[in-house]
Structure formats: structure tokens, C-alpha cells
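Chemist: My questions all concern the structure below.
The values are calculated or read from the model by the stated rules, or taken from the named source; none is laboratory data. Given the structure is predicted, the values throughout are model-derived calculations rather than measurements. No Cβ is skipped: glycine too gets one built from the backbone with ideal geometry, and neighbour counts run over all protein chains shown. Ligands, DNA and RNA are stripped out before the accessible areas are found, and what is left, the full protein with its side chains, is counted by its heavy atoms. Shrake-Rupley method; radii C 1.70, N 1.55, O 1.52, S 1.80 Å.
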Amino acid sequence: PVADIAVADIDGERRTLLLAGKPPHEPAAWKRYRGGAMGRMWLHGTRLVPEVYGHLDSVMFVDGRIAFLSDHEGVGNLYSCLPDSSDLRRHTDHADFYARHAATDGSRVVYQCAGELWLVDDFSPAGAPRRLDVRLGGPRA
């Protein structure tokens, strides 16, 4: 079963990115699980980053790269690679809580971690996430 799908034009060709084989719950519920129910990412029929041995979630095309969440290094963080599966980069450094629920507009990624919203708008090796200050309206604290 397909858990996530994204479609984009890469080098003038329409390509489909799929996350398949993922269990029906988010990775934070099965922290550091390494069994057969881990998701697998596919770009137009070719498996991407098979060496990433951990949960995958929220696959998306971002600024010429493929971004995704993974806990293969212990805690869920945001990673990206090129469409040919090379140049794997880690963009966040959360050590205690998982990065979750990532979404993109095609050039940036927003996600939540430990009840806070974070934005990654620079996918270069020097880029760093920044916390978004959000004021909630309403009469309750």
C-alpha cells in the first residue's frame, strides 16, 4: 500500500515519488523499529536511499531535492537527497523529540517538534531550521 505520494517535473519529465510499505501510524509511535514494516521510498520505480534503515515519513519534492523524515540515526529528523539518491543531508538536529507532520510549498518545509513549529528554507549544507513564533488567539492560556 502507498502511504504518501508526490509528483513533480524533474529534468522535463513528470516523476512520481512514493512511500510504500509504511505502517498506518506515525514513526514516533514505533520509535527505532527496524523490522519489515519500515517504509520504502521509490522515485518512478527506483528505490531511493536503501541504506537508510529506519522509519520514513512525509516524502516530498523540495527545491530540486527529495525531503523526508527518518529516525535511522535514533530520533526523527528531516533529511534530503538528490533525485538519484545521492548527497544525503540531515537538516535538523532534534535529539529528544521527533520531527513530525512535515509539509512543503515546494521550496520550504514546515514541521512540528515538541509542540513547536519549525521552518527549513535553506537546503544547502549550511542551512539550519528556525523555530517559528506563533501566538495563539483566544481567551484561554
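Chemist: Could you list all residues from segment 57-74 that are of a type outside the set (Gly, Ala, Ser) and out of contact with any His (no Cβ under 6 Å at 6 or more places or on another chain)? Don't jump to the end; show me each part of the working.
Modeler: Filtering segment 57-74 for residues of a type outside the set (Gly, Ala, Ser) gives 57, 59-63, 65-66, 68-69, 71-73.
Once the filter is applied, which keeps residues that are of a type outside the set (Gly, Ala, Ser) and out of contact with any His (no Cβ under 6 Å at 6 or more places or on another chain), segment 57-74 yields 57, 59, 60, 61, 62, 63, 65, 66, 68, 69, 72, 73.
Chemist: Still on this structure, please answer the following. Go through segment 95-134 and count every residue that is assigned to a strand (DSSP E or B), of a type in the set (A, V, I, L, M, F, W, C) and either crowded, with 17+ Cβ neighbours inside 10 Å or touching a helix residue (DSSP H, G or I) at 6+ places or on another chain (Cβ under 7 Å) (or both).
Modeler: Just the residues of segment 95-134 that are assigned to a strand (DSSP E or B), to begin with: 100-104, 109-113, 116-120, 130-132.
From what is left, the residues that are of a type in the set (A, V, I, L, M, F, W, C) are 102-103, 109-110, 113, 117-120, 132.
From the residues that got through so far, the ones that are either crowded, with 17+ Cβ neighbours inside 10 Å or touching a helix residue (DSSP H, G or I) at 6+ places or on another chain (Cβ under 7 Å) (or both) too are 102, 109, 113, 118, 120.
The total comes to 5.
Here is a yes/no grid of residues against (1) within 13 Å of the chain's Cα centre (by Cα); (2) at negative phi:
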residue	(1), (2)
16	no, yes
41	yes, yes
44	no, no
77	yes, yes
83	no, yes
92	yes, yes
103	yes, yes
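Chemist: Sticking with this one: Using beta carbons and a limit of 8 Å, which pairs, at least six apart or on different chains, have the first residue in segment 41-69 and without any contact (Cβ under 8 Å) to a residue 40 or more places away in the chain and under 15 Å from residue 20 (Cβ atoms) and the second one of a type in the set (Gly, Ala, Ser) and crowded, with 20+ Cβ neighbours inside 10 Å?
Modeler: Pairs that qualify, where the first residue is without any contact (Cβ under 8 Å) to a residue 40 or more places away in the chain and under 15 Å from residue 20 (Cβ atoms) and the partner is of a type in the set (Gly, Ala, Ser) and crowded, with 20+ Cβ neighbours inside 10 Å, are 52/70; 55/39; 55/70; 55/76; 56/39; 56/70.
Chemist: Residues in segment 78-94 that are surrounded by 17 or more Cβ atoms within 10 Å (Cβ to Cβ) and farther than 18 Å from residue 127 by Cα: how many?
Modeler: 2
Chemist: Residue 54 fails exactly one of the following numbered conditions: (1) farther than 21 Å from residue 106 by Cα; (2) touching a His at 6+ places or on another chain (Cβ under 9 Å); (3) modelled with pLDDT of 90 or more; (4) of a type outside the set (Phe, Trp, Tyr). What is the number of that condition?
Modeler: Only one criterion in (1) farther than 21 Å from residue 106 by Cα; (2) touching a His at 6+ places or on another chain (Cβ under 9 Å); (3) modelled with pLDDT of 90 or more; (4) of a type outside the set (Phe, Trp, Tyr) is unmet by residue 54, namely (3).
Chemist: Let me ask you something else. Would you mention how many residues in segment 65-77 are surrounded by fewer than 24 Cβ atoms within 10 Å (Cβ to Cβ), assigned to a strand (DSSP E or B) and of a type in the set (Val, Ile, Thr)?
Modeler: The total comes to 0.
Chemist: For segment 1-38, give me the residue count where each residue is in a strand (DSSP E or B), open to solvent by less than 50 Å² (accessible area, probe 1.4 Å), among the small types (Gly, Ala, Ser) and in contact (Cβ under 8 Å) with a residue 24 or more places away in the chain.
Modeler: 2
Chemist: Which residues, counting only those in segment 39-64, are in a strand (DSSP E or B) and surrounded by fewer than 19 Cβ atoms within 10 Å (Cβ to Cβ)?
Modeler: 40, 42, 46, 47
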